[in-house]
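Worksheet for the structure shown next.
The values are calculated or read from the model by the stated rules, or taken from the named source; none is laboratory data. Source: prediction; values computed, not measured. Ideal geometry is used to build each Cβ from the backbone, glycine not excepted, and the neighbour counts take in all protein chains shown. Note: areas computed on protein heavy atoms with side chains; ligands, DNA, RNA excluded. Shrake-Rupley method; radii C 1.70, N 1.55, O 1.52, S 1.80 Å.
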Amino acid sequence: MRLLQKRRAFPRILGSERAFLADTLRAETTGGLVLVGAAIIALVWANSPWQDGYHHLRDAQLGPLTVEQWATDGALTLFFYLAGVELKRELVVGTLSKISEAVVPVVAAFCGMAAPALIYAVINLTADNGKPHGWAVPTATDIAFALAVLAIVGRSLPSALRAFLLTLAVVDDFGAILVIAAFFSHGLNLLALLAALALIAAFYLLQRLRFRTPLLYVPVVLAAWWFMHESGIHATIAGVAMGLMTRVLPDPGEERSPAERLEHRLRPWSAGVAVPVFALFAAGVTLGGDALRAMLTDPVAIGVVAGLMAGKVIGVFGGSWLTARFTKAELNSDLAWRDVGAVSVLAGIGFTVALLIAQLAFGDDVAQIERAKAAVLVASLLSALIAAALLLRRNRAYAEE
């Protein structure tokens, strides 16, 4: 009898542990720490005596794609799907639905993309061996990493600051998605694209008809992803499109909308598996003495670091101030300009999407990809440390009020 009771109790214990793990992974701080941990493992592994094993695993063929391609085109699609859902929610019921509250961070986001691109382009256009076509690398802010830093060091900061950063990061992600779709899609296969669009439309129709069974959605999602990949447009765009097609408002009598249910189920997989797997195979760059010396003279690396560390501050803070100064839009009354300054430094964390764009921008030039990725890592780390110090000061100031 006792044995039977133990057997019955074991699934409950296991289920509670799974629920605890899932809730932990939904936390922004945990997701950011797991992401950083995966990047550190990649860096250590790629610079260790076992680096050949890392490169063999990354380049191994697994079905139609390599392991690295599965991580970049496959796993990261889940991250972009959730980004699409978050953007849809912000547009329908969040800060982007209120024009008066959205104008300043939205303008800041676009200026925060334009200024880094301009700084990068000027550096590379004036250099003898510059590569101006990599202008998009420093434009993206990593939403998971940035929110994690804010959550760790800013417990007493006003909630309006998180809303400002979230709006900024969501619009930034949307801009990065447009950049990927417009500038890094090659050899367009029109039939495959039409098939992908038809399947995305089928996904939307299933949402409209209120179907809930995964047996209908899973084949449609997988087929839409594959045809988007085959079309020449980056496969993650399929994830974004389906995120935007997901219903975010609950029906009368419905406890939670499909967007909320799916985000609750998928967020742990994105934070705990998809994004760390991408980081594991994207962040493994060689950081030996020769590589670091090459970075000091490489216009691409210099442009990426300057774009993320200086361009983001100039764009985000400058765009916010100019918008509040010369239009009727106003900064949230709970925020000070020092808060915006700290967040503008935090926006220089360009991890996940910046690493992806570096791979797309430089194609088969492995050495240049390595230097660009190393520059992204260095700039992101420095931005995180400087922003953390600034936010801690603001946090203490608010705690003492």
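Can you find even one residue in region 140-154 that is at pLDDT 85 or above, part of a helix (DSSP H, G or I) and over 27 Å from Pro250 (Cα atoms)? Within region 140-154, not a single residue is at pLDDT 85 or above, part of a helix (DSSP H, G or I) and over 27 Å from Pro250 (Cα atoms). Would a scan of region 362-369 turn up a residue that is of a type outside the set (Lys, Arg) and on the phi > 0 side of the Ramachandran plot? Checked region 362-369: at least one residue is of a type outside the set (Lys, Arg) and on the phi > 0 side of the Ramachandran plot. Taking the conditions (1) without any contact (Cβ under 8 Å) to a residue 40 or more places away in the chain; (2) part of a helix (DSSP H, G or I); (3) within 23 Å of Thr77 (Cα to Cα) in turn, Arg162 satisfies each one other than (3). Condition check for Phe211 on (1) of a type in the set (Phe, Trp, Tyr); (2) in a helix (DSSP H, G or I); (3) over 29 Å from Val34 (Cβ atoms): one failure, at (2). Remark: pairs (first residue in region 118-138, touching a residue at least 40 places away in the same chain (Cβ under 8 Å); second residue open to solvent by 80 Å² or more (accessible area, probe 1.4 Å) and not β-branched (Val, Ile, Thr); Cβ separation under 7 Å; 6+ apart in sequence or on different chains) = Ala136/Phe183. Here's a check for you: in region 238-257, which residue that is open to solvent by less than 30 Å² (accessible area, probe 1.4 Å) and over 14 Å from Val92 (Cα atoms) is modelled with the lowest pLDDT? Going through the qualifying residues, I end up with Val240. Within region 265-306, the only residue that satisfies the criterion of being of a type in the set (S, T, N, Q) and surrounded by 20 or more Cβ atoms within 10 Å (Cβ to Cβ) is Ser270.
Yes or no, residue by residue, for (1) in a loop (DSSP other than H, G, I, E, B); (2) under 30 Å from Asp59 (Cβ atoms); (3) in contact with a strand residue (DSSP E or B) (Cβ under 7 Å, 6 or more places away or on another chain):
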{"residue": "Arg293", "(1), (2), (3)": "no, yes, no"}
{"residue": "Leu296", "(1), (2), (3)": "no, yes, no"}
{"residue": "Gly315", "(1), (2), (3)": "no, no, no"}
{"residue": "Arg338", "(1), (2), (3)": "no, no, no"}
{"residue": "Ala354", "(1), (2), (3)": "no, yes, no"}
{"residue": "Asp364", "(1), (2), (3)": "yes, yes, no"}
{"residue": "Leu377", "(1), (2), (3)": "no, yes, no"}
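Scanning region 1-59 for residues that are at pLDDT below 70, within 30 Å of Val149 (Cα to Cα), among the aliphatic types (A, V, I, L, M) and exposed (fewer than 15 other Cβ atoms within 10 Å of the Cβ) yields a total of 2.
Determine whether Thr327 is more than 25 Å from the chain's Cα centre (by Cα) and open to solvent by less than 20 Å² (accessible area, probe 1.4 Å). Explain how you work it out, then say what you get.
On the way: more than 25 Å from the chain's Cα centre (by Cα): yes; open to solvent by less than 20 Å² (accessible area, probe 1.4 Å): no.
Criteria not met by Thr327.
Return yes when Leu87 is in a helix (DSSP H, G or I), open to solvent by less than 40 Å² (accessible area, probe 1.4 Å), aliphatic (A, V, I, L, M) and closer than 18 Å to Leu391 by Cβ and no when it is not. Break it down stepwise before answering.
Values: in a helix (DSSP H, G or I): yes; open to solvent by less than 40 Å² (accessible area, probe 1.4 Å): yes; aliphatic (A, V, I, L, M): yes; closer than 18 Å to Leu391 by Cβ: no.
Here the answer is no, as Leu87 does not meet what is asked.
Within region 108-136, restricting attention to residues that are more than 22 Å from Phe184 (Cα to Cα) and open to solvent by less than 50 Å² (accessible area, probe 1.4 Å), the residue that is nearest to the chain's Cα centre (by Cα) is Ala108. The set of residues from region 155-177 being of a type in the set (A, V, I, L, M, F, W, C), farther than 14 Å from Phe145 by Cα and touching a Pro at 6+ places or on another chain (Cβ under 9 Å) comprises Ala163, Phe164, Val171.
Determine whether region 383-390 contains at least one residue that is of a type outside the set (S, T, N, Q) and more than 19 Å from Leu168 (Cβ to Cβ). Outline the logic, then answer.
Just the residues of region 383-390 that are of a type outside the set (S, T, N, Q), to begin with: 384-390.
Adding the requirement that they be more than 19 Å from Leu168 (Cβ to Cβ) leaves 385, 389.
Yes: region 383-390 contains one or more residues that are of a type outside the set (S, T, N, Q) and more than 19 Å from Leu168 (Cβ to Cβ).
Within region 386-401, residues that are under 16 Å from Asp334 (Cβ atoms) reach partners that are acidic (Asp, Glu) with beta carbons closer than 8 Å, at six or more positions or on different chains, in the pairs Arg394/Asp339.
Kindly establish whether Ala347 is of a type in the set (Gly, Ala, Ser) and open to solvent by less than 60 Å² (accessible area, probe 1.4 Å).
On the way: of a type in the set (Gly, Ala, Ser): yes; open to solvent by less than 60 Å² (accessible area, probe 1.4 Å): yes.
Taking the combined requirement at face value, the residue satisfies it.
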